[in-house]
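Here is the structure we will look at, set down as structure tokens.
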Amino acid sequence: MNIETDRLLLRGWKKEDAQAYYQMNQDPKVLEFLPGPLSREQVEQFITDKNQTLQETGYTLWAVEEKATKALLGFIGLQEVLPPFPILGIEVGWRLDSQYWGRGYAPEGAQAVLTYGFQTLGFQEIFSYTSALNKRSQRVMEKIGMTYLPEGDFAHPKLPEDHLLSKHVIYGIKKGVSPGIPGYPD
């Protein structure tokens, strides 16, 4: 299952995506709010896992391709959040190569993913979370109509509580809530 927007193709991962995705995950700008770089083996396992998830569920963290150039930009998609995270459900997430930031690709792709999640998959609520320090991702969440849920703030369960990136914020959106229209939460 692919998702298309005016400028983007969200698709399953190809073996040839591994090098570009590996390079992206070595970039200090991309890693600013992540625990560290990914190894080549972690990238290859990520690609295998995401393609398997897509086959099993109909959704994943899709590879994002710029239609005009066929360049791999990173990923945008949906994934199930499981314990030990304090909020469980479906998350919309993204990670793009820093050279493509500031072009509106993250909100464009994420909005298409939300539409797919609500209309095709029938999800009733979708969340997103990030480090409290990551204002860029929080702006994307707001642009796609998500609302900050301050009662959901949490310490990331895979980081020490005193780690700089431990504090995370949660945003959410419910089916039928249009971006920019009050109404979340009910």
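No lab work stands behind these numbers, since they all come straight from the coordinates. Treat the numbers as computed from the prediction; the structure is a model and nothing was measured. Neighbour counts are summed over all protein chains in view; Cβ atoms, including those assigned to glycine, are modelled from backbone coordinates with ideal geometry.
Within 13 Å, Cβ to Cβ, of Glu56, how many net charges do the neighbouring residues add up to if Lys/Arg are +1 and Asp/Glu are -1?
Result for the neighbourhood of Glu56: -1.
Across region 10-144, how many lysine pairs, 8 or more apart or on two chains, come within less than 16 Å at their alpha-carbon atoms?
7
What is the magnitude of the charge dipole of region 49-186 about its Cα centre, with +1 placed on the Cβ of each Lys and Arg, -1 on the Cβ of each Asp and Glu, and no other charges, expressed in debye to the nearest 20? Intermediate values should be presented prior to the final figure.
Details: 13 positive and 15 negative charges, 93 e Å.
The dipole magnitude comes to about 440 debye.
Per DSSP helix of 4 or more residues, -39500 (n - 2.57); summed, then divided by the residues of the chain. What does that give at 222 nm, rounded to the nearest 500?
Theoretical 222 nm ellipticity from helices: -7500 deg cm²/dmol.
Quick one: putting +1 on the C-beta of Lys and Arg, -1 on the C-beta of Asp and Glu, what dipole do you get for region 3-124 around its Cα centre, in Debye to the nearest 20?
Roughly 200 debye, rounded to the nearest 20.
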